[in-house]
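The values are calculated or read from the model by the stated rules, or taken from the named source; none is laboratory data. From a predicted model like this one, the values you see are computed outputs, not experimental measurements. Note: ideal-geometry Cβ built from the backbone for every residue, glycine included; neighbour counts use all protein chains shown. For accessibility, only protein heavy atoms count, side chains too; no ligands or nucleic acids. Shrake-Rupley method; radii C 1.70, N 1.55, O 1.52, S 1.80 Å.
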Amino acid sequence: MFDQKLEVKELQENPFHLIGTEWMLVTAQDASGKVNTMTASWGGVGVLWNKNVAFVFIRPQRYTREFIEQADSFSLCFLDESYRKQLSYLGTVSGRDEDKITKAGLHTAHIGDVPVFEEARLALTIKKLYKQAFAPECFIDKSLDAQNYAQKDYHIMYIGEITGAYANN
C-alpha cells in the first residue's frame, strides 16, 4: 500500500494547491467499524500548540461529521487528477443513502486504526485535538456570514495533530 513514510516537516507539497485545487477526502471510522468520507476543499496545515496540525471544516448536517465525532483520529487523503470524477461524486452524495465508497471504486485500507484509501498518492493521519463551531457573532467581515451561511448551518472546525504522512509512489 503506502510505500513511504514521510517526515511532516519535509513535505514539499503546496497546501493551497493540494486542498483548494486538488481537493481532499476527509475520512473517519465510526464505533461499529463503518467508514465514511467526504470531499473537502476548505482546510489547511500549520503549527499550533507546538504541534504540526491540520484543520478541516465540516457542516453539521454532513454524515462524515458523525464519524469524525466518534473517532479519535481521521485521515486526509489526496488522489491524483485522474480521480476528479470520483472526488466530485464523493462530495455530493451522502453515505447515508448508499455505499458511495464502493460505488466510486475506491478501496479502504488502514494505517493503524485510521482509514485511508489505497488509491491516495498522499495520506495524512490526524489525531483530533480541538473542535469549535463557527458563530455568527465572531465574523468580523459580516459579508462572509451572509455569503456562506444563508441556512445558518455553520461549519465545525476540527484541529488535529498530524501523526503521520504517507506516500504512494
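Quickly run through region 95-129 and pick out the residues that are more than 27 Å from Asp3 (Cβ to Cβ), open to solvent by 30 Å² or more (accessible area, probe 1.4 Å) and not basic (Lys, Arg).
Answer for region 95-129, where residues must be more than 27 Å from Asp3 (Cβ to Cβ), open to solvent by 30 Å² or more (accessible area, probe 1.4 Å) and not basic (Lys, Arg): Asp97, Glu98, Asp99, Leu129.
Could you list, in sequence order, all residues of region 1-49 that are free of Cβ contacts under 8 Å to residues at least 60 places away in the same chain and open to solvent by 60 Å² or more (accessible area, probe 1.4 Å)?
Scanning region 1-49 gives Lys9, Glu10, Gln12, Asn14, Phe16, His17, Thr21, Ala31, Ser32, Lys34, Val47.
Filtering region 150-169 down to residues that are of a type in the set (Ser, Thr, Tyr) and in a strand (DSSP E or B), which residue is least open to solvent (accessible area, probe 1.4 Å)?
Tyr158
Given the conditions (1) open to solvent by 60 Å² or more (accessible area, probe 1.4 Å); (2) touching an Asp or Glu at 6+ places or on another chain (Cβ under 8 Å), and given that Gln147 satisfies all but one, which numbered condition is not satisfied?
Exception for Gln147: condition (2).
Hey, could you check region 15-40 for residues that are in a strand (DSSP E or B) and among the hydroxyl-bearing types (Ser, Thr, Tyr) and say which is nearest to Ile101 (Cα to Cα)?
So, considering only residues that are in a strand (DSSP E or B) and among the hydroxyl-bearing types (Ser, Thr, Tyr), the one nearest to Ile101 (Cα to Cα) is Thr37.
Name the pairs: first residue in region 69-91 and in contact (Cβ under 8 Å) with a residue 40 or more places away in the chain, second residue surrounded by 12 or more Cβ atoms within 10 Å (Cβ to Cβ) and assigned to a helix (DSSP H, G or I), Cβ to Cβ under 7 Å, at least 6 apart or on different chains?
Between residues of region 69-91 that are in contact (Cβ under 8 Å) with a residue 40 or more places away in the chain and residues that are surrounded by 12 or more Cβ atoms within 10 Å (Cβ to Cβ) and assigned to a helix (DSSP H, G or I), the close pairs are Phe74/Ile68; Phe78/Leu18; Phe78/Glu22; Leu79/Leu87; Leu90/Lys100.
Here is a list of conditions, (1) surrounded by 16 or more Cβ atoms within 10 Å (Cβ to Cβ); (2) more than 16 Å from Ala123 (Cβ to Cβ); (3) touching a residue at least 60 places away in the same chain (Cβ under 8 Å), and Arg62 meets all of them except one; can you say which number that is?
(3)
Give me a count of the residues in region 127-143 that are more than 18 Å from Arg65 (Cα to Cα) and outside any loop (DSSP other than H, G, I, E, B).
Number satisfying all stated conditions: 5.
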